Amino acid sequence: MSKPRVLMITPYLPYPPTSGGRSRTYNLVKHLRYDYDITMVCFARPEEVTGDLAPLREVCELIVVDRASSPGLIKAAWLSLTSLKPITMRLYHTPEMEHTIRRVLNDQRISLIHVESFYMLANLPQQLDVPVLLSEPAIEYVAWRRHAQVAKPWFTRPAIAIESLKMRLWEPRAWSEATVVGVMSQVDAVAVKNATPGVMTVLAPNGVDTDYFRPDPGLARDSRTAVYMGDYKYFPNVDAVLYFAEAILPLVRAERPDFELVLLGKDAPPEIAALAADPQSGVALVGLVDDTRPYLQGSALFVCPLRSGSGTRFKLLESLACGCPVVSTPVGCEGLGATDGTNMLIRESPRAFADAVLSILNNPDMGRDIGEHGRDWVVRHHAWQHSASILRLAYEQLIGHEDPTPHMNKRARAEARAELERRLHESRGSDPRS
């Protein structure tokens, strides 16, 4: 008996899994492929397809659509000023992507369409006879609104705020057009339902490979170092590093002059490179590494000083899976359900954050306890097997259900949604994360 076929549409090539979104998609596909045949259609720049994509092709049928390089500042400003739509909707909605999706729908018997990120939804045909799960890795208008409050230089804030307003208009429209919206956490579910009353949500949480990311008992932790990692094309990561360097790091180094923040990740901008080039800054830039585990297994702690962004953070899950204690802002650990003082330390002000860092640097036993509790918590609640099983339940209830698209009248659409929501609720049962 053939397996149902899922069409998965993503704005990026999910291999190699070098960022949170890529890791999420690749790991979910790895686990879901045993129950579903998956056709993946994704955007990628030409240079991204030159590597070995065999591991991805082993778990799905892969179709890549070319995407132009990201626009520079001037072009981005022009795109923003000449449309009521957010820039991302213009960049990720192309005739070639539309044509490719139509061809797949015509050539294959698709049972479910899984779309990553609201700005990809416009590439779908207007009339569909299969359900659509729109997965939102983050609530974009929330992420941009937060960034507008802290962005530097300050004169960029009005433009960022305008983009946030555009997303606040268009993102809920996309949610209302999907059969179900997949969210990372209950925090995101509340945001979706408040913005779009009546929309159905289902948890599609992030996870971590707890067999790959694990402590190394033979590696001693360096009591002088903390680590942070991220893709620095993502503006909240840049802000987090600069905020830590300017407001928190001096407070830590006043007591521990030997302390150093080690930065992992690609595409560090000039301001971070300049910071790392200063031998007195206390910041070291390693860049993109093939394996982050030695850093997470050997550093005293992981810091997550995020002030903007949305969604849940892979970097925290990977750190805790390695037994590395975490100090995070509330925004940084939003939606994970962590307990302050048990799974990690959660602090907001620069002074409180610095004191938490110092408490772990000066008390290795405390750091070890938080790391061990964090590891146990991640294994129970955030392993990829757990995340994939939750998504699999949603797939099972969606497949075979008629998508309540606009061709249905209002009453029929309401009845269809009510029935599907009942089935989804029953499938979640007593899961404490549902």
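The values are calculated or read from the model by the stated rules, or taken from the named source; none is laboratory data. Only a predicted model underlies this, so the values are computations on that prediction, with no experimental measurement involved. Note that we place each Cβ from the backbone using ideal geometry, even for glycine, and neighbour counts take in every protein chain shown. Areas reflect the complete protein model, heavy atoms only, side chains present, ligands, DNA and RNA absent. Shrake-Rupley method; radii C 1.70, N 1.55, O 1.52, S 1.80 Å.
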request  = Identify, from the list ILE87, ILE74, the residue that is open to solvent by 40 Å² or more (accessible area, probe 1.4 Å), modelled with pLDDT under 95 and either in contact with a Gly (Cβ under 6 Å, 6 or more places away or on another chain) or over 21 Å from GLY265 (Cβ atoms) (or both).
outcome  = ILE74
query = What residue, among those in the range 360-407 that are of a type in the set (A, V, I, L, M, F, W, C) and open to solvent by 20 Å² or more (accessible area, probe 1.4 Å), is modelled with the highest pLDDT?
reply = MET366
inquiry  = Six or more apart or on different chains, Cβ atoms under 9 Å: show the pairs whose first residue is in the range 127-155 and without any contact (Cβ under 8 Å) to a residue 12 or more places away in the chain and whose second is surrounded by fewer than 21 Cβ atoms within 10 Å (Cβ to Cβ).
reply    = none
ask   = Given the conditions (1) over 21 Å from ALA220 (Cβ atoms); (2) open to solvent by less than 10 Å² (accessible area, probe 1.4 Å); (3) more than 18 Å from the chain's Cα centre (by Cα), and given that VAL327 satisfies all but one, which numbered condition is not satisfied?
value = (1)
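Check every one of the helices (runs of 4 or more DSSP H) wholly within the range 1-98 and list those with 1 or more residues that are small (Gly, Ala, Ser) and free of Cβ contacts under 8 Å to residues at least 60 places away in the same chain. Explain how you work it out, then say what you get.
Working: elements: 20-32, 54-57, 73-81, 87-91.
Result: 54-57, 73-81.
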message = With the requirement that a residue be in a loop (DSSP other than H, G, I, E, B), touching a strand residue (DSSP E or B) at 6+ places or on another chain (Cβ under 8 Å) and of a type in the set (Gly, Ala, Ser), what does the range 338-365 give you?
response = ALA338
Subset of the range 168-203 that is assigned to a loop (DSSP other than H, G, I, E, B) and open to solvent by less than 10 Å² (accessible area, probe 1.4 Å) - its residue that is farthest from VAL142 (Cα to Cα) = THR179
task = Looking only at the range 316-337, count how many residues are of a type outside the set (D, E, K, R), touching a residue at least 60 places away in the same chain (Cβ under 8 Å) and assigned to a loop (DSSP other than H, G, I, E, B).
result = 8
query = If we scan the range 305-323, do we find a residue that is more than 18 Å from the chain's Cα centre (by Cα) and modelled with pLDDT of 95 or more?
reply = yes
message = Give me the residue from the range 230-268 that is among the basic types (Lys, Arg) and within 29 Å of the chain's Cα centre (by Cα) and, out of that set, nearest to LYS315 (Cα to Cα).
response = LYS266
